Amino acid sequence: MSELRVVSSCRELVSVIADYRKQGRSIGLVPTMGALHAGHLSLVERSLAATDLTFVSIFVNPTQFAADEDLDQYPRPLEQDLEKLSRAGADCVFLPDVSEMYPGNCTTSIEPPQVSRRWEGESRPSHFGGVCTVVLKLLNLIPADVAFFGEKDFQQLAVIRQMVEDLNVATRIEGCPIVREPDGLAMSSRNVYLSETDREIALSLHRTLASVAEQVAQGETDSHLLMAEMRQKLIDSGVSRVDYAVIADPTTLEVVEEVEGTVVALLACQVGQVRLIDNCVIAR
């Protein structure tokens, strides 16, 4: 188990970064909201392999939650998170409170790029503004060579990549593959809230994506037919609500008419009290 340095203030963090930069060491950043699982730890492992020093941030960012979402209930198992990071070999964890990240006179926020408008942007209108604002703040505080994000949040990854490009941020953004449970459920900090019955229903997301990929492999290219079947499969499985079930261009995230080249199938569903997302990149 390595010695994990814990930093809580922005002032101290800037000093720590300056010391490491003087040593000429490359830095990787893994931004998280805590409640760490194997998916998060796979990002840490990737950073450890690619950079000299791995920083992990743990901050439940209030600006990306709407008033009716689960900010207060979001899991915060801090002691377990720190132990996991220490065992994984992370070098430093940035653990600010809200007042550090958003001082009382803070009124500046980021307008997210066009790719944020659809899907999650429609279901959660203020979400990506909060994501972009906090990620840019983190990249200003920790000017990493590379920042690592999971591909489970496919649209978030696209939004952050576009923001970094648009604003000339030097950090390279690297997407890392989805990590799944043995039964196929994409790992998420919110999975702990699924009842046994709801967890079985939640498996329909991955099954639906796998079915779409199989149909495309067999020659089906009509995206509207595929999207209708995706939605129906999810409804038949017992999900409480389907927010979207679409096949889109992987860069613009706009719906495609025909499946040609590489596309992404994106899903968001309410399962009991838990909202889940999943996706699958399909190459034809």
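The values are calculated or read from the model by the stated rules, or taken from the named source; none is laboratory data. Predicted, not measured: the structure shown is a model, and the values here were computed from it. Using ideal geometry, Cβ is built from the backbone for each residue, glycine included, and neighbour counts are taken over all protein chains shown.
Taking the stated definitions as given, is residue 41 of a type outside the set (Ser, Thr, Tyr), in contact with a strand residue (DSSP E or B) (Cβ under 6 Å, 6 or more places away or on another chain) and either crowded, with 16+ Cβ neighbours inside 10 Å or not assigned by TED's automatic domain parsing to the domain that holds residue 98 (or both)?
no
Let me confirm something: among 165, 120, 181, which residue is of a type in the set (Asp, Glu), buried (at least 19 other Cβ atoms within 10 Å of the Cβ) and over 17 Å from residue 56 (Cβ atoms)?
From the options 165, 120, 181, the qualifying one is 120.
Just to confirm my filter: which helices (runs of 4 or more DSSP H) fall fully inside region 96-156 and include at least 1 residues that are within 15 Å of the chain's Cα centre (by Cα), under 19 Å from residue 34 (Cα atoms) and not charged (D, E, K, R)?
Because the criterion is at least 1 residues that are within 15 Å of the chain's Cα centre (by Cα), under 19 Å from residue 34 (Cα atoms) and not charged (D, E, K, R), the helices (runs of 4 or more DSSP H) in region 96-156 that meet it are 127-141.
At least 2 residues that are aliphatic (A, V, I, L, M) and under 25 Å from residue 76 (Cα atoms) in each: list the strands (runs of 3 or more DSSP E) lying fully within region 184-284 that qualify.
Because the criterion is at least 2 residues that are aliphatic (A, V, I, L, M) and under 25 Å from residue 76 (Cα atoms), the strands (runs of 3 or more DSSP E) in region 184-284 that meet it are 262-271, 274-283.
Are there any pairs with C-beta distances below 9 angstrom linking a residue in region 247-265 that is outside the structural domain of residue 114 (by TED's automatic domain parsing) and of a type in the set (D, E, K, R) to a residue that is in a loop (DSSP other than H, G, I, E, B) and surrounded by 14 or more Cβ atoms within 10 Å (Cβ to Cβ), with the two at least 6 apart or on different chains, and if so which?
249/256; 254/118; 258/221; 260/221; 260/284
Check 63, 54 and return the single one that is buried (at least 17 other Cβ atoms within 10 Å of the Cβ) and in a helix (DSSP H, G or I).
63
Counting only residues that are assigned to a loop (DSSP other than H, G, I, E, B) and farther than 26 Å from residue 254 by Cβ, how many does region 157-183 have?
Of the residues in region 157-183, 6 are assigned to a loop (DSSP other than H, G, I, E, B) and farther than 26 Å from residue 254 by Cβ.
So residue 68 ticks every box in (1) within 19 Å of residue 131 (Cα to Cα); (2) touching a residue at least 12 places away in the same chain (Cβ under 8 Å) but one. Which box is left unticked?
Every listed condition holds for residue 68 apart from (2).
So which residues in region 38-48 are among the hydrophobic types (A, V, I, L, M, F, W, C) and in contact with a Gly (Cβ under 9 Å, 6 or more places away or on another chain), if there are any at all?
43, 44, 48 - these are the residues of region 38-48 that are among the hydrophobic types (A, V, I, L, M, F, W, C) and in contact with a Gly (Cβ under 9 Å, 6 or more places away or on another chain).
Taking the condition of being of a type in the set (Asp, Glu), free of Cβ contacts under 8 Å to residues at least 60 places away in the same chain and farther than 22 Å from residue 98 by Cβ, how many residues in region 2-24 meet it?
Of the residues in that region, 1 qualify.
Residues in region 6-46 that are in contact with a helix residue (DSSP H, G or I) (Cβ under 6 Å, 6 or more places away or on another chain) and in a helix (DSSP H, G or I): how many?
4
When the residues of region 197-209 are narrowed to those that are of a type outside the set (D, E, K, R) and surrounded by 13 or more Cβ atoms within 10 Å (Cβ to Cβ), which ends up farthest from residue 271 (Cα to Cα)?
Looking at the filtered set, the residue picked out is 209.
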